[in-house]
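Here's the structure, in structure tokens; my notes come after.
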Ligand SMILES: CC(C)(COP(=O)(O)OP(=O)(O)OC[C@H]1O[C@@H](n2cnc3c(N)ncnc32)[C@H](O)[C@@H]1OP(=O)(O)O)[C@@H](O)C(=O)NCCC(=O)NCCS
């Protein structure tokens, strides 16, 4: 399917802290690769990355599962510290994408926009 799609997700930062307290690196390794773990140090950033991946999964219409795992999505930051993402698999035929993350009042929220093109 071609066209523009948006996905959003919100998560309680305390919920992420709770998982981190219980499972430590196992929790992080489940959804963040090593590069992401280097740039996501603060708990609100980690929560934002979680929300971002869920938002991407919603924009793609797959959700997180067999078709798309957390680690298939990599979040990076540009020179202005703005987040963006890359997807390992080319099968989704993404031609444009945008990601925004915010956190306040105990919650992290993310919005992802994806434009898909026609398969060549
Ligand atoms: C980017 C900016 C809008 C963030 O707004 P905020 O209300 O402070 O914080 P929010 O919780 O809404 O957003 C924070 C997230 O925005 C994202 N972000 C950071 N820089 C960004 C940028 N240049 N463009 C887009 N998104 C950005 C990050 O994901 C950040 O979360 P993280 O650091 O945990 O990864 C704000 O800090 C800003 O205007 N910065 C540019 C100017 C600047 O650096 N000023 C510093 C003091 S004058």
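Remarks
- Close contacts from the stretch 91-109, counting a first residue that is at positive phi and touching a residue at least 12 places away in the same chain (Cβ under 8 Å) and a second that is surrounded by fewer than 18 Cβ atoms within 10 Å (Cβ to Cβ) and in a strand (DSSP E or B), with Cβ to Cβ under 7 Å and a gap of 6+ residues or different chains, come to 106/12.
- Residues of the stretch 1-31 that turn out to be surrounded by 15 or more Cβ atoms within 10 Å (Cβ to Cβ), in contact with a strand residue (DSSP E or B) (Cβ under 8 Å, 6 or more places away or on another chain) and not in a strand (DSSP E or B), as a count: 2
- Looking only at residues in the stretch 44-53 that are under 18 Å from residue 78 (Cα atoms) and in contact with a strand residue (DSSP E or B) (Cβ under 7 Å, 6 or more places away or on another chain), the one that is farthest from the ligand (Cβ to nearest atom) is 53.
- Among the criteria (1) within 13 Å of the chain's Cα centre (by Cα); (2) away from the ligand (no atom under 16 Å from the Cβ), the one residue 56 does not fulfil is (2).
- Pairs with Cβ under 7 Å, 6+ apart, first in the stretch 48-66 and free of Cβ contacts under 8 Å to residues at least 12 places away in the same chain, second more than 14 Å from the ligand (Cβ to nearest atom): 62/68; 63/57; 64/54; 64/57; 64/70
- Per the conditions (1) under 22 Å from residue 6 (Cβ atoms); (2) within 11 Å of the ligand (Cβ to nearest atom), the sole criterion not satisfied by residue 31 is (2).
- The lone criterion from (1) in a helix (DSSP H, G or I); (2) within 16 Å of the ligand (Cβ to nearest atom); (3) at pLDDT below 95 left unmet by residue 41 is number (1).
- Candidates 86, 67, filtered to the one that is modelled with pLDDT under 95, over 24 Å from residue 24 (Cβ atoms) and surrounded by fewer than 20 Cβ atoms within 10 Å (Cβ to Cβ): 67
The values are calculated or read from the model by the stated rules, or taken from the named source; none is laboratory data. Keep in mind it's a predicted model, so treat the numbers as computed, not measured. We place every Cβ from the backbone using ideal geometry, glycine too, and count neighbours over all the protein chains shown.
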